[in-house]
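Student: Input: one structure, supplied below.
The values are calculated or read from the model by the stated rules, or taken from the named source; none is laboratory data. Values in this document were obtained by computation on a predicted structure and should not be read as measured data. Methodologically, a virtual Cβ is constructed for each residue, glycine included, from the backbone with ideal geometry; neighbour enumeration extends over all protein chains shown.
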Amino acid sequence: MKILVTGGAGYIGSVVTEQLIAAGESVVALDNLSQGHRAAVHPGASFVQGDLRDRSLIDAVLREHRPAAIMHFASHTLVGESVEQPFLYLGDNVTNGLNLLASAVEHGVQRFILSSTANLFDAPEEIPITEDERIVPGSPYGESKHLLERILHWLDRLHGLRYAALRYFNAAGASPERGEDHDPETHLIPIVLQVALGQRDRVVIYGDDYPTRDGTCVRDYIHVLDLAQAHILALHALDGGSRVYNLGNGQGFTVREVIEVARRITGHPIPAQVGPRRPGDPPELVAGSERIRRELGWQPRHPALEEIIGSAWRWHRAHPDGYRE
Ligand SMILES: NC(=O)c1ccc[n+]([C@@H]2O[C@H](COP(=O)([O-])OP(=O)(O)OC[C@H]3O[C@@H](n4cnc5c(N)ncnc54)[C@H](O)[C@@H]3O)[C@@H](O)[C@H]2O)c1
């Protein structure tokens, strides 16, 4: 199958591209390189540098490559930024998604996978968080993903577009060849590893007075290779109908536990300093992923935090400057 991967030069999109190629699929990666890196794109993929704001470019790519499916990773992705610049998210993220979807419908693409998010669940009533949980977007970022999920719902009903919305919790870890390289970096695990590499003095813990086992926030870290596997399974299940899945390990770890495991793996003391809470950080976000396990037989192959952080550490140590080499 030929698949258009938007954001294919980004962290998750580049690893999914690599895994799709390993599974024998053919990939066209589209990315404006605002965050992504050309070197992250698997050499077996075709690459188009371009922006989803440009509808005529999307039309040209779909006309030339005729993909059977689209995986849509390209997005503004920062919760904090979305609170400061809501139009970048409620505007750009949504209109770029609409451009892509309008073009997909026009060119008869019938399968679509959306990168959605745990930021749909700002006030969960139950942990682990299942697909039955009430949707309360935590920011304009989460709202932009929710709007795209709703648009997909209507395009399925009206145009028969089969979709999967995969709501990732915290993607983490690396494949042997591809890892996480964002600027600015806002994710805990790469930040902690930058301290171990001597690139930062310390890691700041945002609040240690939450109602959790050690007072720091609990999050669910899912290995990026397990995420990739879920995309491949979802892609092949779409002929059986559209679907929505929460995707995580189902295990939560506190910020202090992540730092402790990173200290053991790297052998570095990783100094930590407690700072104030960040607005909008819920105490605990852990995914209930029973539905995807039951329906698609998905099983995380790398659930242990040691394995997730270990894989990220191997990649960061081999690429201390990320892709800028
Ligand atoms: N990383 C996580 O933990 C996480 C969690 C939940 C959801 N997600 C979602 O997963 C997706 C991928 O996340 P990531 O961490 O790999 O982010 P990323 O920033 O590494 O990748 C996104 C890519 O999209 C590209 N891009 C952005 N705007 C574009 C545009 N207008 N046109 C073309 N390309 C554009 C960027 O250059 C980048 O390469 C995003 O949609 C994000 O919202 C990520």
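Student: Among the residues of the stretch 270-300, which ones are without any contact (Cβ under 8 Å) to a residue 60 or more places away in the chain and among the basic types (Lys, Arg)?
Tutor: Passing the criteria: 293, 294.
Student: In addition: Give 53, 63 a once-over and let me know the one that is within 9 Å of the ligand (Cβ to nearest atom) and either of a type in the set (A, V, I, L, M) or surrounded by fewer than 19 Cβ atoms within 10 Å (Cβ to Cβ) (or both). Can you show your working first?
Tutor: On the way: 63 fails: within 9 Å of the ligand (Cβ to nearest atom).
When all the criteria are applied, what remains is 53.
Student: Looking at the stretch 48-142, what helices (runs of 4 or more DSSP H) fall wholly within it and have at least 3 residues that are under 18 Å from residue 32 (Cβ atoms) and free of Cβ contacts under 8 Å to residues at least 60 places away in the same chain? Explain how you work it out, then say what you get.
Tutor: Values: elements: 55-65, 79-84, 94-106.
Helices (runs of 4 or more DSSP H) meeting the threshold: 55-65, 94-106.
Student: Kindly provide the set of residues from the stretch 1-18 that are surrounded by fewer than 24 Cβ atoms within 10 Å (Cβ to Cβ) and near the ligand (Cβ under 7 Å from one of its atoms), ordered by number.
Tutor: Of everything in the stretch 1-18, just one residue is surrounded by fewer than 24 Cβ atoms within 10 Å (Cβ to Cβ) and near the ligand (Cβ under 7 Å from one of its atoms), namely 12.
Student: Still on this model: Residues in the stretch 81-102 that are out of contact with any Pro (no Cβ under 7 Å at 6 or more places or on another chain) and more than 13 Å from the ligand (Cβ to nearest atom): how many?
Tutor: Number of matching residues: 5.
Student: Also, I was wondering about something else. Just to check your reading of the model, which residue among 161, 197, 188 is in contact with a Leu (Cβ under 7 Å, 6 or more places away or on another chain) and either more than 10 Å from the ligand (Cβ to nearest atom) or over 20 Å from residue 33 (Cα atoms) (or both)?
Tutor: Result: 161 is the single residue among 161, 197, 188 that is in contact with a Leu (Cβ under 7 Å, 6 or more places away or on another chain) and either more than 10 Å from the ligand (Cβ to nearest atom) or over 20 Å from residue 33 (Cα atoms) (or both).
Student: Next question, about the same structure. Among the numbered criteria (1) under 20 Å from the mean Cα position of the chain (by Cα); (2) not in a helix (DSSP H, G or I), which single criterion is violated by residue 292?
Tutor: For residue 292, the exception is condition (2).
Student: Scan the stretch 19-40 for residues that are assigned to a strand (DSSP E or B) and either more than 10 Å from the ligand (Cβ to nearest atom) or without any contact (Cβ under 8 Å) to a residue 12 or more places away in the chain (or both) and jot them down.
Tutor: Kept after step one, since they are assigned to a strand (DSSP E or B), are these residues of the stretch 19-40: 26-31.
Answer for the stretch 19-40, where residues must be assigned to a strand (DSSP E or B) and either more than 10 Å from the ligand (Cβ to nearest atom) or without any contact (Cβ under 8 Å) to a residue 12 or more places away in the chain (or both): 26, 27, 28.
Student: Here are 142, 80: which of them is modelled with pLDDT under 95 and either at positive phi or not basic (Lys, Arg) (or both)? Walk me through it before giving the result.
Tutor: Numbers: 142 fails: modelled with pLDDT under 95.
So the residue among 142, 80 that is modelled with pLDDT under 95 and either at positive phi or not basic (Lys, Arg) (or both) is 80.
Student: Would you mention how many residues in the stretch 236-257 are surrounded by fewer than 23 Cβ atoms within 10 Å (Cβ to Cβ), aliphatic (A, V, I, L, M) and within 19 Å of the chain's Cα centre (by Cα)?
Tutor: Qualifying residue count, the stretch 236-257: 1.
Student: If I ask for residues that are among the charged types (D, E, K, R) and part of a loop (DSSP other than H, G, I, E, B), which ones from the stretch 161-199 would you list? Let's see the steps before the verdict.
Tutor: Let us first name the residues in the stretch 161-199 that are among the charged types (D, E, K, R), namely 162, 167, 177-178, 180-181, 183, 185.
177, 178, 180, 181, 183, 185 - these are the residues of the stretch 161-199 that are among the charged types (D, E, K, R) and part of a loop (DSSP other than H, G, I, E, B).
Student: Any idea which residue in the stretch 218-235 is nearest to the chain's Cα centre (by Cα), counting only those that are more than 17 Å from residue 178 (Cα to Cα) and part of a strand (DSSP E or B)?
Tutor: 221
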